[in-house]
Structures are given as structure tokens and as C-alpha cells.
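What follows draws every value from the coordinates through simple rules; no lab data is involved. Treat the numbers as computed from the prediction; the structure is a model and nothing was measured. Note that each Cβ is placed from the backbone with ideal geometry, even for glycine, and that neighbours are counted across all protein chains shown.
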Amino acid sequence: MKNIKKGECRPAGRTKKRRSGATLWALKITPITFCLSLASSTFSQAVTVYTDITVSVMLLIFMVLISVVFDGIGVSVTSCDRGAVKKLLQYDAKRAKIAMGLIANAEKVNSVCADVIGDICGVLSGACGAALAASIAQKSGAAGFLPMLTAASVAAVTVGGKALMKGVAVKNADKYVVMTAKALSYIYKPKKGKKKEVRK
């Protein structure tokens, strides 16, 4: 295949494949997100009704941290240096394979981490914040502006945490991807490539 010079158009077949792949991914992720969001909304209602203030605070902190960390993963896989990641994991084939898989599917990883998980954590953190505000209002007798103040505080902390983490993830993208690959290696085993048969 000839190299494409500057100013020349890319082959139509490759462009169509990329578009069809993006369309297929969108068709897959939409119903998955719907089901996960529905499940998280149901769970959030249970959290609001049945949990006390301590559990609400713990879940709120956990959801904000998860949202911030996964947002950092989404940013790092799209801004890392493939060669640098390979160099950092040159003596660890298993984790290197996981890292290369993340980088090869950077758009999908970013979509799942930033959009899907971010939205679910947003729903749950909002529910926990509402439960927290309701509990405080019931015990102190102060209502009115308290729920709005709690919701605004949760949103501010989440957005501020994501902004801070994005800066860290961009500056240390290679190390962030390596850390993610190491964490995934404990729960995920990459498939081994099939060995080609040697003809006699």
C-alpha cells in the first residue's frame, strides 16, 4: 500500500470501516447505559429512603472518588505515549498487553469511563446528597435552601475533583495507564494469541 501524502485523501474503505465501527459501538453502548442507569436510579431511590446519614456520606464520598478516578483513566488513555507505556512495561508482558488494549480502544475506554460510569456515579451521588440533606433537615428542622445547597456542593466537589484529576492524568498519562493496567491485571487475564502451526 502506498503511503498517503499530505493533502491526499485517505482510502474510502478505511473511513467507512471506522464509521461503521463507531456506529456499532454507539448502538451497543446506548442500551447498556440505559440498563445501568435504570439500575442505578432504582438503587438510588432505595438509598434515599432506607439509609441513614452515615451510609449516605460514605456512599457519597465513594461515588465522587470513583467518578474522579475513572475520568482520569478516560483522559490518560487518549493522551498517553504508546512507546513510553511499552517501555515502562517492557518486562511485564501480561500488563503490557492490557495497556496496549486500553490504548487501542481509547475512544471506547474514554466513553465508558467518562460517560457511562460518570453518569451512574452522578445519579448515585445526587441521591446520596438528597438523602443526606433530608436527614439533616429532619433532625435540625432546617429545610428550604438546604437540599439545593447540598446538591450544589456535591456538584462543585465532583467537577473540581475531575478538573484536578484531568490535569494530573494529562501530565502523567503514561504512568496512569500503567497503574490502570496493573490494577486490571488482578481481575482480567488477556487472551493468548493462537500459535501458528509450522508446516513440515
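Suppose we filter 102, 132, 124 for residues that are part of a helix (DSSP H, G or I), crowded, with 19+ Cβ neighbours inside 10 Å and touching a Phe, Trp or Tyr at 6+ places or on another chain (Cβ under 8 Å); which single one remains?
Details: 102 fails: touching a Phe, Trp or Tyr at 6+ places or on another chain (Cβ under 8 Å); 132 fails: touching a Phe, Trp or Tyr at 6+ places or on another chain (Cβ under 8 Å).
Among 102, 132, 124, only 124 is part of a helix (DSSP H, G or I), crowded, with 19+ Cβ neighbours inside 10 Å and touching a Phe, Trp or Tyr at 6+ places or on another chain (Cβ under 8 Å).
From the list 101, 122, 83, 126, which residue is within 23 Å of residue 64 (Cα to Cα) and either under 17 Å from the mean Cα position of the chain (by Cα) or free of Cβ contacts under 8 Å to residues at least 60 places away in the same chain (or both)?
Details: 101 fails: within 23 Å of residue 64 (Cα to Cα); 83 fails: within 23 Å of residue 64 (Cα to Cα); 126 fails: either under 17 Å from the mean Cα position of the chain (by Cα) or free of Cβ contacts under 8 Å to residues at least 60 places away in the same chain (or both).
Just a single option satisfies the conditions, and that option is 122.
Is there a residue in the range 145-156 that is under 18 Å from the mean Cα position of the chain (by Cα), closer than 22 Å to residue 75 by Cβ and in contact (Cβ under 8 Å) with a residue 12 or more places away in the chain?
Going residue by residue through the range 145-156, those that are under 18 Å from the mean Cα position of the chain (by Cα) are 155.
Filter once more, so that each one left must be closer than 22 Å to residue 75 by Cβ: 155.
Subsequent filtering for residues that are in contact (Cβ under 8 Å) with a residue 12 or more places away in the chain retains none.
Checking the range 145-156: not a single residue is under 18 Å from the mean Cα position of the chain (by Cα), closer than 22 Å to residue 75 by Cβ and in contact (Cβ under 8 Å) with a residue 12 or more places away in the chain.
For residues that are hydrophobic (A, V, I, L, M, F, W, C), assigned to a helix (DSSP H, G or I) and more than 21 Å from residue 186 (Cα to Cα), tally how many sit in the range 63-99. If you could, list the steps in order and put the result at the bottom.
Taking the range 63-99 as the starting set, the residues that turn out to be hydrophobic (A, V, I, L, M, F, W, C) are 63-66, 68-70, 73, 75, 77, 80, 84-85, 88-89, 93, 96, 98-99.
With assigned to a helix (DSSP H, G or I) added as a condition, the list becomes 63-66, 68-70, 73, 75, 77, 84-85, 88, 93, 96, 98-99.
From what is left, the residues that are more than 21 Å from residue 186 (Cα to Cα) are 63-64, 68, 75, 84.
Total meeting the criteria: 5.
Tally up the residues in the range 151-166 that are within 14 Å of residue 124 (Cα to Cα) and either of a type in the set (S, T, N, Q) or touching a strand residue (DSSP E or B) at 6+ places or on another chain (Cβ under 7 Å) (or both), please.
So in the range 151-166, the residues within 14 Å of residue 124 (Cα to Cα) come out as 151, 154-155, 158.
Adding the requirement that they be either of a type in the set (S, T, N, Q) or touching a strand residue (DSSP E or B) at 6+ places or on another chain (Cβ under 7 Å) (or both) leaves 158.
Result for the range 151-166: 1.
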